[in-house]
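Trainee: Can you read through this structure? Questions will come right after.
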Amino acid sequence: MFRKVLIANRGEIALRINRAAHELGVQTVAIFSEADRQSQHVRFADEAYCVGPGPVMRSYLNIPNIISAALISGADAIHPGYGFLAENARFAEIARDHGLVFIGPAPAVISAMGDKATARRLMAEAGVPTTPGSDIVASVDEARTTAEAIGYPVLLKATAGGGGKGMRAVYEPGELETAFATAQAEAEASFKDGRMYVEKLIIQPRHIEVQVLGDEHGNVVHLGERDCSIQKPSHQKLIEEAPAPVLPEGVRDRLHATAIAACRAVNYTNAGTLEFLVSGEQVYFMEMNTRIQVEHPVTEMVYGVDLVKEQIRIAAGEALGVTQAELHPSGHAIEVRVNAEDPEHNFAPAAGTLGRVEFPGGPGVRVDTHVYGGATIPPYYDSMIAKIIAHGATREAAIARMERALSETRIEGVKTTIDFCRDVLRDPAFRAAGVGVEWLKTDFMPSRHVALPV
Amino acid sequence: MFDETIARRVRPLAEAFRDAALVRLTVREDDFELEFRRAGALGSTAPATADTESLAVVPASGAVPEVLTSDVVGVVRFMRPPATEGQRLEGDRDLAFVETLGIRNPVRFRGSGTLAAVFVTDGQPVEYGQPLFAIER
């Protein structure tokens, strides 16, 4: 096992990793920007190094300073968390070249999965169903030929894309040229990579993803699926749950088997997530995230496995602590993301200083957060300030528990997504389960202020 | 009365100073003036009147020194021969470099002045923004 791990992240995930490391008897090194000097992830680490000023390019993405902090602190491994450098194959390589273990899959696997067109090709070769579509298209004319072959509507996607950037839905041939140009320009600006591909647009799909763990001894297990269909108009997830409710017969097993086959095909190690679009009984591979996910706690609550500890143990060369036969889901878990955002104004992020802060407790409730009363929320980073997770014997029990937990939560000083999420939990369509990824935008939000059951 | 002033007015300032990357902070109000310095940082000989961890309250005096900080995370190495506190410096010169992944990042002094303080020792690991030297112009 490692002696000391540097945590190359901030916020709740840095604290989450700090806790897992300490429970394994591993010392921790925090990094922080000047804007995060008072942050809890700094306070709870065994040592901490300032790596730059507030803007992420100069601090949390500053590879030389982060690697240097690992070396001067005597750390033997780096946990990247999610976001920032978590899926940066170059960073993983540099860490390795300096004798540091990167807690994640091999750089070549990160690189292959990070390029969406490559990932689709690898998955198709492994027999994993992908949405009908193209490889990289050289021009708008080639995009048009593909679109006509697979049929409209189509999705134009940047191979380097993410977070909805560089992506456009095209419903009619006349829209293609403009959509291609704007999506490509956006991809050039955001990722310095304007390569595009075309795929079939699946109408009202659900976003269902499978959690996997693989070790360096050839063992691969899945830890069931999560339904992350409750997404903001920007396609960022807002509410997630495990297991996915109301799946057609056979789809669940097919998702799990597909995920395992995909991992074996690329010799995947460490924690990963395969994201699928599910439409009726059709299952399409979308992408693989080669890191821990924000919503990993719902899986932990249902399976009783500490995924971050498993990540550390796997990176240290240990065999998986569990076998597939030992993994059984128990009950249902839901996560609500508490963001410092204004849902009434297109989820505009809000920075500022928090006033009174009270989080819920009691049976079956977990809170992962880095904020406290009086904490400041710097303008440079993600707006998520807490994750509230509720577990119950059934989906209904978990929803009731979440409503109770949110009613105990007070965050003053900034607008948050708490009340918005409470309204989602009360919505009959959400309660009936199985809504698609566009439901929040096209159904829930327009009707929210019309009539809500009290 | 003085105790109450310490508790109500000085302590919050002292805590803010402790947590900020400052070497010296002077506060002037209608009825009092005080200055915080990092203990030992500027060779202060004034008796401390309100200790909170690593700082002391001393009478206000002199110009605020210029502080050279590290732009990177690494290990500080002094140039030979090392400059010493109180030494008069004339002309541009490197006082040290901070080594990061084998790259030497120079810590450059420009102009003329006196080296008022050396905050680090040769070979010490330093973080971004860490004060290295203070210069009195």
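The values are calculated or read from the model by the stated rules, or taken from the named source; none is laboratory data. These figures come from a predicted structure and were not determined experimentally. Backbone-built Cβ (ideal geometry, glycine too); neighbour counts: all protein chains shown.
Trainee: Restricting attention to region B:75-130, which residues are β-branched (Val, Ile, Thr) and touching a Phe, Trp or Tyr at 6+ places or on another chain (Cβ under 7 Å)? Explain how you work it out, then say what you get.
Mentor: Within region B:75-130, the first condition is being β-branched (Val, Ile, Thr), and the residues that meet it are B:75-76, B:84, B:98, B:100, B:103, B:107, B:114, B:118, B:120-121, B:126.
Within region B:75-130, B:107, B:118 meet the criteria.
Table: residues versus (1) within 11 Å of chain B (Cβ to nearest Cβ); (2) among the β-branched types (Val, Ile, Thr).
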| position | (1), (2) |
| --- | --- |
| A:14 | no, no |
| A:20 | no, no |
| A:28 | no, yes |
| A:34 | yes, no |
| A:40 | no, no |
| A:44 | no, no |
| A:60 | no, no |
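Trainee: Follow-up question, since we're still on this one. Check whether at least one residue in region A:313-331 is within 21 Å of the chain's Cα centre (by Cα), without any contact (Cβ under 8 Å) to a residue 60 or more places away in the chain and either surrounded by 14 or more Cβ atoms within 10 Å (Cβ to Cβ) or outside the structural domain of residue A:388 (by TED's automatic domain parsing) (or both), and report yes or no.
Mentor: No - not one qualifying residue is present in region A:313-331.
Trainee: Here's a follow-up. Can you name the helices (runs of 4 or more DSSP H) wholly within region A:67-143 that have at least 3 residues being at pLDDT 95 or above, under 29 Å from residue A:205 (Cα atoms) and away from chain B (no Cβ under 14 Å)?
Mentor: By residue number, A:107-114.
Trainee: Within 30 Å of residue A:306 (Cα to Cα), surrounded by fewer than 16 Cβ atoms within 10 Å (Cβ to Cβ), aromatic (Phe, Trp, Tyr) and at pLDDT 95 or above, is that true of residue A:381? Full working, then the answer.
Mentor: Working: within 30 Å of residue A:306 (Cα to Cα): yes; surrounded by fewer than 16 Cβ atoms within 10 Å (Cβ to Cβ): no; aromatic (Phe, Trp, Tyr): yes; at pLDDT 95 or above: yes.
Against the criterion (within 30 Å of residue A:306 (Cα to Cα), surrounded by fewer than 16 Cβ atoms within 10 Å (Cβ to Cβ), aromatic (Phe, Trp, Tyr) and at pLDDT 95 or above), residue A:381 does not qualify.
Trainee: Out of region A:184-202, which residues are exposed (fewer than 15 other Cβ atoms within 10 Å of the Cβ) and polar (S, T, N, Q)?
Mentor: none
Trainee: Residue check: is residue A:181 farther than 23 Å from residue A:118 by Cβ, of a type outside the set (Ser, Thr, Tyr) and surrounded by fewer than 20 Cβ atoms within 10 Å (Cβ to Cβ)?
Mentor: yes
Trainee: On to the next question. Out of A:443, A:419, A:423, report the one residue that is assigned to a helix (DSSP H, G or I), exposed (fewer than 14 other Cβ atoms within 10 Å of the Cβ) and not hydroxyl-bearing (Ser, Thr, Tyr).
Mentor: So the residue among A:443, A:419, A:423 that is assigned to a helix (DSSP H, G or I), exposed (fewer than 14 other Cβ atoms within 10 Å of the Cβ) and not hydroxyl-bearing (Ser, Thr, Tyr) is A:419.
Trainee: Further question on the same structure: What are the residues in region A:154-191 that are touching a residue at least 24 places away in the same chain (Cβ under 8 Å) and of a type in the set (D, E, K, R), if any?
Mentor: Scanning region A:154-191 gives A:157, A:165, A:177, A:186.
Trainee: Is one or more of the residues making up region A:158-172 outside the structural domain of residue A:291 (by TED's automatic domain parsing), assigned to a helix (DSSP H, G or I) and either surrounded by fewer than 21 Cβ atoms within 10 Å (Cβ to Cβ) or of a type in the set (A, V, I, L, M, F, W, C) (or both)?
Mentor: no
Trainee: Determine which member of the set A:343, A:349, A:363 is surrounded by 12 or more Cβ atoms within 10 Å (Cβ to Cβ) and without any contact (Cβ under 8 Å) to a residue 40 or more places away in the chain.
Mentor: On inspection, the qualifying residue turns out to be A:349.
Trainee: Kindly indicate which of B:76, B:126, B:67, B:98 is crowded, with 18+ Cβ neighbours inside 10 Å, over 18 Å from residue A:51 (Cβ atoms) and of a type in the set (Val, Ile, Thr).
Mentor: Residue meeting the stated conditions: B:67.
Trainee: From the list A:385, A:389, exactly one residue is over 24 Å from residue A:331 (Cα atoms), out of contact with any His (no Cβ under 6 Å at 6 or more places or on another chain) and outside any loop (DSSP other than H, G, I, E, B). Which is it?
Mentor: None of the others qualify; the one that does is A:385.
Trainee: Right, something else. Got a sec? Which of A:42, A:51 is at pLDDT 95 or above and not in a strand (DSSP E or B)? It would help to see each step written out before you state the result.
Mentor: Details: A:51 fails: not in a strand (DSSP E or B).
Being at pLDDT 95 or above and not in a strand (DSSP E or B) holds for just one of A:42, A:51, which is A:42.
Trainee: Another question, then. Select from region B:104-137 the residues that are modelled with pLDDT under 95 and either part of a loop (DSSP other than H, G, I, E, B) or touching a helix residue (DSSP H, G or I) at 6+ places or on another chain (Cβ under 8 Å) (or both) and write down the one among them that is nearest to the other protein chains (Cβ to nearest Cβ).
Mentor: B:110
Trainee: Follow-up. Here is a check on your reading of the model: is residue A:110 surrounded by fewer than 16 Cβ atoms within 10 Å (Cβ to Cβ) and among the hydrophobic types (A, V, I, L, M, F, W, C)?
Mentor: no
Trainee: For region B:85-108, check the following and say yes or no: at least one residue is of a type in the set (Ser, Thr, Tyr) and farther than 25 Å from residue A:35 by Cα.
Mentor: No, because not a single residue in region B:85-108 is of a type in the set (Ser, Thr, Tyr) and farther than 25 Å from residue A:35 by Cα.
Trainee: Taking the conditions exactly as written (touching a Lys or Arg at 6+ places or on another chain (Cβ under 7 Å), over 20 Å from residue A:98 (Cβ atoms) and touching a residue at least 40 places away in the same chain (Cβ under 8 Å)), does residue B:113 satisfy them or not?
Mentor: The answer is yes for residue B:113.
Trainee: Determine which single condition residue A:217 fails, assuming it passes every other condition in (1) at pLDDT 95 or above; (2) surrounded by fewer than 21 Cβ atoms within 10 Å (Cβ to Cβ); (3) part of a helix (DSSP H, G or I).
Mentor: (3)
Trainee: Please verify whether residue A:358 is buried (at least 17 other Cβ atoms within 10 Å of the Cβ), modelled with pLDDT of 95 or more and in the same structural domain as residue A:248 (by TED's automatic domain parsing), treating the condition exactly as stated. Show your work before the answer.
Mentor: Values: buried (at least 17 other Cβ atoms within 10 Å of the Cβ): no; modelled with pLDDT of 95 or more: yes; in the same structural domain as residue A:248 (by TED's automatic domain parsing): yes.
For residue A:358, the condition - buried (at least 17 other Cβ atoms within 10 Å of the Cβ), modelled with pLDDT of 95 or more and in the same structural domain as residue A:248 (by TED's automatic domain parsing) - is not met.
Trainee: Filter region A:246-260 down to the residues that are exposed (fewer than 15 other Cβ atoms within 10 Å of the Cβ) and in contact (Cβ under 8 Å) with a residue 60 or more places away in the chain and list them by number.
Mentor: A:246
Trainee: Anything in region B:67-100 that is touching a residue at least 24 places away in the same chain (Cβ under 8 Å) and within 14 Å of chain A (Cβ to nearest Cβ)? List them, or say none.
Mentor: So in region B:67-100, the residues touching a residue at least 24 places away in the same chain (Cβ under 8 Å) come out as B:67-78, B:82-89, B:95-96, B:98-100.
Within region B:67-100, B:69, B:70, B:71, B:72, B:73, B:74, B:75, B:76, B:77, B:98, B:99, B:100 meet the criteria.
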